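In what follows, a single structure is set out as structure tokens and then discussed.
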Amino acid sequence: MHLVYPTVVAALLFSLGVYGVLARRNAILVLMSVELMLNAVNLNLVAFDIRFRDRLHGGQVLTLFTIVIAAAEIGLGLAIVLLVYRNRRTIDVDRLRALSEHETGGDETGGDETGGTGADGAIGRATAAGPVRETAAAGAGPEPRPEEAP
Amino acid sequence: MNGKEIVFALLGVVTVGAGFMVVTTRQLVHAALWLVLSFGALAGGYLVLTAEFVAWVQVLIYVGAVVVLLLFGIMLTRAPIGESADLDSGNRWVAAAVAAATAAVLVTVMVMGFGDTRMPLRAGGGSADELGAGVFRTWVLPFEVLSVLLLASLVGAIVLSRTDIGAAPQRRPGRSARPGPGGGAARPRRTVRPGSGAGADAGTRPGGAARPEDGAGAETGPGGDEEGG
């Protein structure tokens, strides 16, 4: 079997992942694209393990390790995404501009009444599920976008 | 082009096509389901490459766990079920150009570098027997380190997901007395007390006014998404 087949498939899969990471706005879709890239790397590892007939099976064992790391990454990433959603009511990565330099501070829909202290407020409010909900109920906080309503 | 190459090429086409659908579909849930197809076809590719154990681990972990976790994330963030128009960013064409350039460079390098390289496919090279011996003889130290990493990520995900622990929230200055449990409902009423001044109160409000007491945050979570991570 030619080595070209798996490596070309891996290259195409990797570039699809690059496109997804750069072009998607939903944070969960970005995580999915990262998974595509990790799978491309796994395919390369397996293919070169078979190619060099590694006695220690370094490539395949490293593939298993990469899968485990990807699982850990997706768990932590989803926890962070849920935390962002809880605080900001959106996971749109285009609108999370609190750390931007050349824009005004605060997210577009983030509901930062205090203006530029969005990053500090995020840490302070990270433990609170209640605040955004309470203030949203009181009309002082960000209204959830209409398509996000349950 | 023998039989193995044909099978692998077909599986590769399915993998790349499903991956393309993942990054271009307009429905979030469908993206996760296309991801299942892509990973499944890739597992078939591993089987053709005689990496059996990696293929089954791929099916178990990716198709079984990661995609389910992603679907949970989609549900917990209350994503729209139908089509949503704004899944793609405005810089989509720049992203497409970058991805096309990446694909061109990588494919060119791979074809030029390994265009005439053949690899032997012998059955049994990636069985659970061989890989188990490899993991627990040669690679046992990375294996243990990896289990520590998994434990750390587990603890981290729990800490990130829980709402009643974590960093100390910002408190309003000069008001250190905390109400007892159960006082959370009466608390926003007290923030508009005329003694504290309306301007200062509004400025410090997002950090401190809605601080959840331990009992107050538990029942307000719709769907119980605190356990999501």
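The table below gives the values:
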| item | result |
| --- | --- |
| Where labels lie 7 Å past Cα in the beta-carbon direction, separation of B:ASP164 and A:LEU56 in nm | 4.8 nm |
| Rounded FRET efficiency, nearest 0.05, which uses the C-beta distance separating B:ARG137 from B:TRP56 and R0 of 25 Å | 0.75 |
| Residues of the stretch B:3-138: accessible area per residue with a 1.4 Å probe, Å² | 48 Å² |
| Solvent exposure ordering (accessible area, 1.4 Å, most first) of A:HIS102, A:HIS57, B:HIS30, A:HIS2 | A:HIS102, B:HIS30, A:HIS2, A:HIS57 |
| Solvent-accessible ranking of B:TRP93, B:TRP34, largest area first, probe 1.4 Å | B:TRP93, B:TRP34 |
| Viscosity 0.692 mPa s, temperature 37 °C, Stokes-Einstein D of the stretch A:4-88 from Kirkwood C-alpha radius, µm²/s | 236 µm²/s |
| A/B buried area, accessible surface, summed, 1.4 Å probe, Å² | 8500 Å² |
| Rounded to the nearest 20 debye, dipole of the stretch B:3-138 from Cβ charges on Lys, Arg, Asp, Glu | 40 debye |
| Accessible-area composition of the stretch B:3-138, carbon plus sulfur, in percent [1.4 Å probe] | 72 percent |
| Two-site label geometry, B:ALA100 and B:MET75: point separation in nm, points 7 Å out along Cα→Cβ | 4.0 nm |
| q = 0.21, 0.28 Å⁻¹: log10 I(q)/I(0) that the Debye formula gives for the stretch B:57-128, counting C-alpha atoms only | -0.99, -1.09 |
| Globularity ratio of the stretch B:3-138, using Cα Rg and 2.2 N^0.38 Å | 1.28 |
| R0 of 35 Å, Cβ-Cβ distance B:LEU149-B:ILE6: FRET efficiency to nearest 0.05 | 0.35 |
| Per residue, in Å², the accessible surface of the stretch A:13-61 once ligands and nucleic acids are set aside, probe 1.4 Å | 31 Å² |
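The values are calculated or read from the model by the stated rules, or taken from the named source; none is laboratory data. Computed from a predicted model, the values in this text were never measured in an experiment. Here the Cβ is made from the backbone with ideal geometry for all residues, glycine too, and neighbour counts use every protein chain on show. Note: areas computed on protein heavy atoms with side chains; ligands, DNA, RNA excluded. Shrake-Rupley method; radii C 1.70, N 1.55, O 1.52, S 1.80 Å.
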